[in-house]
Each structure stands twice: as structure tokens, then as C-alpha cells.
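Below: one structure, written as C-alpha cells.
The values are calculated or read from the model by the stated rules, or taken from the named source; none is laboratory data. Since this is a predicted model, take the numbers as computed values, not measurements. Every residue, glycine as well, gets a Cβ built from its backbone with ideal geometry; the counts of neighbours run over all protein chains shown. Heads up: the accessible areas ignore ligands, DNA and RNA and are worked out on the full protein's heavy atoms, side chains in. Shrake-Rupley method; radii C 1.70, N 1.55, O 1.52, S 1.80 Å.
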Amino acid sequence: MVNQQLVAPRAAAFPSDRIRSLFPALNQEPGFIFFDNAAGAQIPQVVFDAVNGHLLHCNVQRGGRYAKSVEVDATIARARESVADLINARDPNEVAFGMNATSFLRLLSLAIGRTLGTRNEIVVTELDHEANIATWLQLEREGAKIIWWKMREDNNLHVEDLASLLTSKTRLVACTVASHALGSIVDVATVAKLAHAAGAEVVLDCVHYSPHALIDVQAFECDYLVCSGYKVFAPHMGFMWGRLELLYKLQTFREEFIPDAPPGKIEAGTFIYENVAGMGAAVAYLETLGNSLALEEANTELASRRDSLIRAMTAIREYEATLSRKMLEVLRSAEAIVYGVDDPNRLSERVPTFCFNLPNLLPASITKTMSDHGIGIRDGHMYAPRLMKHLGRDLDTGVIRASILHYNTIEEIHEFGRVLRDVVRSQ
Ligand SMILES: Cc1ncc(COP(=O)(O)O)c(C=O)c1O
């Protein structure tokens, strides 16, 4: 979907060992296989150091005239610039910090709900996390008409189906960039083109996509985008991006003394500054990774932070495709039913997040056995009840999800496969 530039022939293999050495949680005894990354990623030491440093040396309110307070303002400003580069925002003021993605989606729906009028149709999808559905459904009370973009039998959303749902009454399309449950990627640039042609706006949930591939709000052509820091190697926090001119118009709650301008008008109250410092450090981690890859492979220095981030995310995407291929092999060897894209020739359509079931075995029993073997995966409805219904799964039992990131290895997938096959054989 998104053109991931700077793909260079790789001389050296992906530096898995070096990367893993940077994440303290991956090096503890006894060892543990983190395959529940879609629920939150581990953090590198540099992120911990940034959070720690902030709390120990700079734990004061921003906006004061004394040095420590000035430093808090500077930390937030730097983190805003870093995140702007991470997502290719035109202006750091388009980036707002806060609690999490859910509360930003709520903020957006409250604001957009005040402007519905006759353009009152909101398109939501069956594939999305409930955070990007429930808050839009609430707008029915304000006169919104909800239009469902449904999945086909192949468990994918097809953009051709969206086209016929859009009318001169469509106010908004709310959809995910990548499914946190199935791992499938949505062609959001085409979604945006179609929506804009109908005069509608697009809100993207980029939470699951963010640690796996390059975010580019300009290439996505979206209007708003939300993310969770804790899915992209930072602590628990969230951020939102919006087109500057739209943010100026958005009717948000703010105290009178807060200027009606972004980002302040989106950031009511105090947010968790130490976690924002951690978010800045998470971007620095990715930037350093991109720089070191460029130096090792082509002995070149990259011109900008964005170039370094492109390099890092391109390498991550390629490496994760090898993990996906292996994971599909392993799941097939255990005769698992994989939901979503299961063709190894279509890896460009997915990230390494796998929902599956094993015939005659309860998801909870599999995750329990995996836990006994030091492997963390998840069972349940994945906060996606509409998706579970589409898959024909009971909400109480749901599915099994294994979700992988670039700090995971082929060896871990082998170990996961060994335990999975043992469970199947011994039933
Ligand atoms: C795709 C997706 N969207 C939204 C959310 C909610 O994010 P947050 O916890 O930041 O509110 C999640 C959380 O898992 C998610 O995976």
C-alpha cells in the first residue's frame, strides 16, 4: 500500500541479537517468549532511562519560568517533533499527546458529532477494534446514521465495497490501518481517496500498524489518525494527529484561557510528561536503528530523522515478513484454522499478527498451556465483538492470537510451534 522507499539490498542480516540486547525484558531469567505484543510492546532501555530521568530530575509542571519547568516544555516540544517525523506530519502542532487512542477517538467523535447536520452518515467497519466503533455508534443519539462496511467471506475488507456505501451524506469513514486481530492491512490511501471524492473525512486507527511499518499521514491522505505509544515501544500514552486546518475548526472542550489552537486545544489538562519523554526516546530508538543499518549496509549517513525512520521501518517490515512466513508454516503444521490472510505469497497484505483456532480445543486451554511453557499469547474476543460474530466465534471463547514484533525470532516461533503441535497430538 504505502510506498516504503529506501529499500537497499541487504548485505548483513537483520541484527536480531543486538536489538534484543537493548530490551531488558527480553533478557531476563527464566526466559519468556513475548507473543502478546498486539496488547503492548516491550520497551528498550533508552525509553526507561528517559522516563526515569524525567521523573528523577524534571518532575515539575510545565509553563513556569524556572529552568526545570522550561526543560519540561522543551522535552514535550522535542517529543512532538520526533512523533511528527515518525508519522510524516507537515507540522509538529498537528500532534497532540494524551492518555490513549480510545480517549482521542472519543474526543474526535464528540467534536464531529456537534457538526453533523444533513451530512450525518458515518461508515464504520466490522474489522475494527471496538474503540473505533462504539464511540461512533454513540452519535446515533445526535442523529448520525451508521453505515457498516462489512467484511467478505475471505475475512477481508474490500475497498470496492466501500465505494458503494459513500454518498453525498457521508460525513466520515472510521477505519483501521491494520487489524489488531487478524493482522490484515487495509488500503487506507484508497479509502481516503474514495471518502474525499464523496466529500467525507477519514479517521484512521493506526494503533496496530504503528510498530510494524512506516506511518505516513501524507501518503495515507487521511484527516485524523490515532496511535498508542505503548504499542510502539513507549510507555502507556497515546497521541493523535490531525490536519492543521481541521484541528483549528474542531470544537473541543477547553478552558477559556486555553487558546483555540492546536495542539493545546486537544490536550485538556495535564498529561503524563514522563511518558511523553519515553515516546520521544522510542522514536530515537528507531532512528538509531535506521542509522546503524544504513552505516553497516552502505556505509552511508542518512540526511534526516525521517530518512532514518524510513530505513528502520523498511528493515523491520522485511524482517517481520520472514517471521510471518515461518509462523504460517508452523500454524499449518499444527492444522490450525488461520483467520485472515494465510497465503505466504500475500505477506505484503499483513503484519505478523495471527488469529487462529484448533479444532476441538478451547482457546483458553491453549493459552494456558503456552503460559506453562513460558510463552505469552492471548485468547478471547480481542475487543472486536463484531469481528468474532463475522468469524462465527462465541464471544466467551473467541480465538487465539499470537502477535509478533521485530525483536522476536525464528527460534521463538519454532518453540511456539513445538508446544502447539504437542498440544494437538496429546488431545
Ligand atoms: C487497533 C486498536 N485500536 C485501539 C486500541 C485502543 O487503544 P488504547 O488502549 O490506546 O486506548 C487498541 C488496543 O489494543 C488497538 O489494538
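Here are some notes:
- Excluding ligands, DNA and RNA, the accessible surface per residue across the range 48-281 is 39 Å² with a 1.4 Å probe.
- Here's the picture: charge each Lys and Arg Cβ at +1 and each Asp and Glu Cβ at -1 in the chain, and of Leu108, Leu162, Ala189 the one pushed furthest to the positive end of that dipole is Leu108.
- Nearby aspartates and glutamates by direct alpha-carbon distance to Lys169 (threshold 20 angstrom, same-chain neighbours under 8 apart not counted): Glu121, Glu140, Glu142, Glu160, Asp161, Glu201, Asp223
- Overall, the range 48-281 carries a charge dipole of about 520 debye about its Cα centre when +1 sits on the Cβ of Lys and Arg and -1 on the Cβ of Asp and Glu, all other atoms neutral.
- DSSP beta bridges confined to the chain are antiparallel in about 50 percent of cases.
- DSSP beta bridges fully contained in the range 48-281 are about 40 percent antiparallel.
- Placing +1 on each Lys and Arg Cβ and -1 on each Asp and Glu Cβ, with no other charges, gives the chain a dipole about its Cα centre of roughly 520 debye.
- Compactness index (Cα Rg / 2.2 N^0.38 Å), the range 48-281: 1.03
- Dipole of the range 48-281 computed with +1 at Lys/Arg Cβ and -1 at Asp/Glu Cβ about the Cα centre; of Met151, Pro263, Val207, farthest Cα towards the positive end is Pro263.
- Taking the inverse of the mean 1/r over every pair of distinct Cα atoms in the range 171-255 gives a Kirkwood hydrodynamic radius of 13.5 Å.
- The range 146-216: C-alpha gyration tensor shape, a/c 1.5 cut-off, then a/b vs b/c: oblate
- Most fluctuating residue given options Arg401, Arg18, Arg325, as computed from a GNM of the chain linking Cα atoms under 10 Å: Arg18
- Estimated FRET transfer efficiency (Arg421, Phe48; beta-carbon r; R0 35 Å; 0.05): 0.45
- Hydrophobic long helices, here whole DSSP H runs in the chain with Kyte-Doolittle means of at least 0.5 and Cα atoms spread over 15 Å or more along the helix axis, are found at 45-57, 101-113.
- In Å², nearest 10: area of Asp154 left accessible to a 1.4 Å probe: 70 Å²
- For the range 54-126, the convex hull drawn through the C-alpha positions has a volume of 159 cubic angstrom per residue.
- Choice from Thr409, Thr288, Thr300 showing the highest fluctuation, given a GNM over the chain with Cα pairs closer than 10 Å: Thr300
- Accessible area per residue, Å², the range 356-424 with all protein chains present, probe 1.4 Å: 41 Å²
- The apolar share of the surface of the chain, taken as the fraction of accessible area on carbon and sulfur atoms (1.4 Å probe, ligands and nucleic acids excluded), comes to 52 percent.
- Proportion of all alpha-carbon pairs of the chain beyond 30 Å (%): 43 percent
- In plain terms, the C-alpha convex hull of the range 239-320 casts an average shadow of 7.5 nm² when viewed from every direction.
- When Ser69, Ser103, Ser348 are compared by accessible surface with a 1.4 Å probe, the order from highest to lowest is Ser348, Ser103, Ser69.
- Local electrostatic count, Ala50, Cβ distance below 11 Å [Lys/Arg +1, Asp/Glu -1]: -1
- For the range 271-427, the extents of the C-alpha atoms along the principal axes are 55, 39, 30 Å, listed from largest to smallest.
- Amide hydrogen proximity for Lys145: with H placed 1.01 Å from N in the peptide plane, the residues at 5 or more positions away or on another chain lying under 5 Å are Glu121, Ile122.
- Net charge in the neighbourhood of Ala268 (other residues with Cβ under 15 Å of its Cβ; Lys, Arg +1, Asp, Glu -1) is 0.
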